[in-house]
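As structure tokens, the structure follows; a few thoughts come after it.
The values are calculated or read from the model by the stated rules, or taken from the named source; none is laboratory data. A quick note: this is a predicted structure, and the numbers were derived from the prediction, not measured. Glycine also receives a Cβ, built like all others from the backbone with ideal geometry; neighbour counts cover every protein chain displayed. Ligands, DNA and RNA are excluded from the accessible area calculation, which covers all protein heavy atoms including side chains. Shrake-Rupley method; radii C 1.70, N 1.55, O 1.52, S 1.80 Å.
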Amino acid sequence: MAELELTGAEIVIRCLHAEGVEYVFGYPGGAVLNIYDEIYKQKGFTHVLVRHEQAAVHAADAYSRSTGKVGVALVTSGPGATNAVTGIATAYMDSIPMVVITGQVPTAAIGQDAFQEVDTVGITRPCVKHNFLVKDVKDIAPTIKKAFYIAATGRPGPVVVDIPKDITQHACAFDYPEAISLRSYNPTSKGHAGQIKRAAQMLLEAKRPVIYAGGGVVLGNASAALTEMARELGYPVTSTLMGLGGYKANDPLSLGMLGMHGTYEANMAMQHCDVLIAVGARFDDRVIGNPKHFAKEARRIIHIDIDPSSISKRVKVDVPIVGDVGQVLEEMNRLLKVGNERADQAALKAWWAQIELWRAQDCLKYDRGTDKIKPQYVVEKLYEITKGEAFVTSDVGQHQMWAAQYYKFDQPRRWINSGGLGTMGVGLPYAMGVQLAHPDAMVACITGEGSIQMNIQELSTCKEYKLPLKIILLNNGYLGMVRQWQEFFYEERYAESYVASLPDFAKLAEAYGHVGMRIEKPEEVEPALRRAFTEHKEQLVFMNFITDPRENVYPMIPAGKGLSEMILV
Amino acid sequence: MRHIISVLMENEAGALSRVAGLFSARGYNIESLTVAPTEDATLSRMTIVTRGSNEVIEQITKQLNKLIDVIKMQDLSDGEHIERELMLVKVRAASGEQREEMKRLADIFRGRVIDVADKTYTIELTGPGSKLDAFLDALEPGAILETVRTGASGIGRGDRMLKI
Ligand SMILES: Cc1ncc(C[n+]2csc(CCOP(=O)(O)OP(=O)(O)O)c2C)c(N)n1
């Protein structure tokens, strides 16, 4: 009996169905027309038509960040693929599992400088976990299977599958592999038992402990295990920008965010602790500042990470543990519970007393008595009105830091931003991906007038898919973060950081079919936000808050300085 | 410190560029790199000679292991090993005296004359890199017309093996 043969394009669709894909974010073009023709005929997933390929990839990325599932994007060859690169690199830097399918010119045309040909595999190689060029229709199914597997396991990351057009026309029998194993890829998940024991012992010996939690806690779904450990020991916890929500921000043990714009208490505790446990974090330059300054104080370091290459890269550690952070923490919690040893309580009490002194600095205070809208105030009000239950996406700049500092995240996967690459323009597409994944949730995008204009065309996509996002534009008229650096480090020479001729954002939003508001006075802030979340619950509301143009983000550690060298307000 | 690293990887298109790209993107230096399929045609074996502090070498090792196509690797410099490199040198050999001298030098270094022309000899020499250097040093600078070297290949001694 002759087996039923499917075309490559049909196989692509079948594979996505088999993976349980809900949404494909994409944009059509010549090289992917066969695939789009099959999308037209299917009902298994929803295709979301963006207005720019960069946004497709960001939306897929945010879908993944907010759900933990693999995000999927589909773009055409040439310019479709190059437009996708920023999105791919953004996901790569933050270890987000994603599969990006790119069309390619027909096999026979590869290397001929054909119309819309680029070397997608070559261009994306440095910013993907792995990539593939499919050269035979029979390879489509196993390659897509591998792509999902590689993207989601170990340290997650984006995988690109480049498919030439003729391959989508060829036919073969379809068989989606149930499971896949690769002899060259076997990520470790279980940590080394001996090392975990040493780490538990070291934790109990601590007199001035700190738990430093990174994005790995969120990505590794280790929030509950981390919370259990911190509560069991009574140790202070600080989170990186990517780790926010991994530990409840309102908990008394929380010191808030650390790093360049971290709190005084978090950075001081980090610098002066004697035992540090880093969980799914990587000691990057925005977190510990200058590693030489960091190394001035002696401390013992435990580092848990899924990626061996993150360990001892910037800071030498004493107890490295390679493994899934959740599994390792659970094992450590078990050891801490069965042993009847307790940490030195007197020392811990003294340490907390010191931390309280640092806390008393109240480093996040700001001037509340002016007639200008303070950006921090807007974020605080947003937090109050949404009761901390919204998903918050942000772009990159001052507003991103204020969002991180003043919205107290108490659940993982609620704070969606580009930490590693720092990509302006992610905020709106991120909010789209999140809202589609969580149709009933409140989704707010905190942005700047520079960033929002980098993907503002997506307001059109939001209309098409009826996404009731709440866009909180903290409009200071400047590329604020750039202006802040120029004020501090370039003697107030504001080179090209003032954005003249801004559009009337409220009208612009209305032109796209949404609700627009302009808010100029502090007393209008709260009512505007309330209306947005009640009266206009079902609509996209674009709130243009005219904020104090001179406001800066504090505390700040200047680049290259040490953790205890903060500029305070 | 100089390190010689052996890598077993899937014999896939693009595998070499992943390794080369990794070294250039992260600023690691490559003194030489050789690659060819093994007795198992699905596998390629690469030998990389690099230099770096212990921390850099540790990162190189971890980053190589992270490449999806890399199956196994070994830092040969961690133990007993053998290194060999092949060199072809074209030398001036016009007069009888020059021809005799070249033949004599080649013999001393256990090289072979593999091409003889009116005015030149081409000599083939294998050995550790230092031996090839020594041979070049022994030649008068004006005598060397062309040199090509393969870069080192390495293998562990005795029971030390890199296999899957
Ligand atoms: C794509 C991109 N280009 C440039 C930068 C550099 N950059 C970082 S913050 C910033 C200013 C952002 O301005 P805005 O969006 O208005 O936010 P604000 O800082 O004023 O809150 C710039 C230009 C970047 N991060 N991303």
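By DSSP, what percent of the beta bridges with both residues in chain A are antiparallel, rounded to the nearest 5?
10 percent
Select from A:Ala350, A:Ser460, A:Met424 the residue farthest towards the positive end of the dipole of segment A:322-467; place +1 on Cβ of Lys and Arg, -1 on Cβ of Asp and Glu, and compute about the Cα centre.
Highest projection toward the positive end goes to A:Ala350.
How high is the relative contact order of chain B? Use alpha-carbon pairs under 8 Å, at least six apart in sequence, and give a whole percent.
28 percent
Give the ranking of A:Arg14, B:Arg110 by solvent-accessible surface, highest area first, calculated with a 1.4 Å probe.
B:Arg110, A:Arg14
Going from most exposed to least, what order do A:Lys138, A:Lys381 have by accessible area with a 1.4 Å probe?
Correct descending sequence by accessible area is A:Lys138, A:Lys381.
Averaged over A:175-186, how many beta carbons belonging to a partner chain fall within 10 Å of each residue's beta carbon?
Going residue by residue through A:175-186 and averaging, the value is 3.
Measuring from centroid to centroid over Cα atoms, what is the spacing of segment A:271-318 and segment A:189-238 in Å?
Rounded to whole Å, the Cα centres lie 14 Å apart.
Check the straight Cα-Cα distances from B:Lys131 and name the lysines below 18 Å, setting aside those fewer than 8 residues away within the same chain.
Cα-Cα hits under 18 Å: B:Lys90, B:Lys103.
Just read off the accessible area of A:His58 with the full protein assembly in place, 1.4 Å probe, to the nearest 10 Å².
Using a 1.4 Å probe on the heavy atoms, I get roughly 0 Å².
Write down Rg/Rh for chain A, rounded to two decimals, with Rg from the C-alpha atoms and Rh from the Kirkwood relation over Cα pairs.
Dividing the radius of gyration by the Kirkwood radius yields 0.99.
So, in Å, what gap is there between the alpha-carbon centers of segment B:36-101 and segment A:38-60?
Their Cα centres are 47 Å away from one another.
Longer than 28 Å from Cα to Cα, which of A:Lys165/A:Lys466; A:Lys190/A:Lys248; A:Lys365/A:Lys507; A:Lys146/A:Lys190 are they? Say none if no pair is.
Table pairs above 28 Å Cα-Cα are A:Lys165/A:Lys466; A:Lys365/A:Lys507.
Mind grabbing the accessible area of A:Cys363 for me, 1.4 Å probe, Å², rounded to tens?
Per-residue accessible area (A:Cys363): approximately 10 Å².
With a cap of 13 neighbouring Cβ atoms within 10 Å, and only residues DSSP puts in a loop, list the GluC sites (Glu not before Pro) found in segment B:66-114.
B:Glu80
Determine the dipole magnitude for segment A:330-444: charges of +1 sit on the beta-carbon of Lys and Arg, -1 on that of Asp and Glu, nothing else is charged, the reference point is the Cα centre, and the result goes in debye to the nearest 20.
Magnitude of the dipole: close to 120 debye.
Cross-link candidates for A:Lys197: which lysines have Cα within less than 26 Å, leaving aside residues fewer than 8 places away along the same chain?
Partners found: A:Lys207, A:Lys313, A:Lys316, A:Lys337, A:Lys349, B:Lys62.
Ignoring ligands, DNA and RNA, what accessible area per residue does chain A give at 1.4 Å, in Å²?
39 Å²
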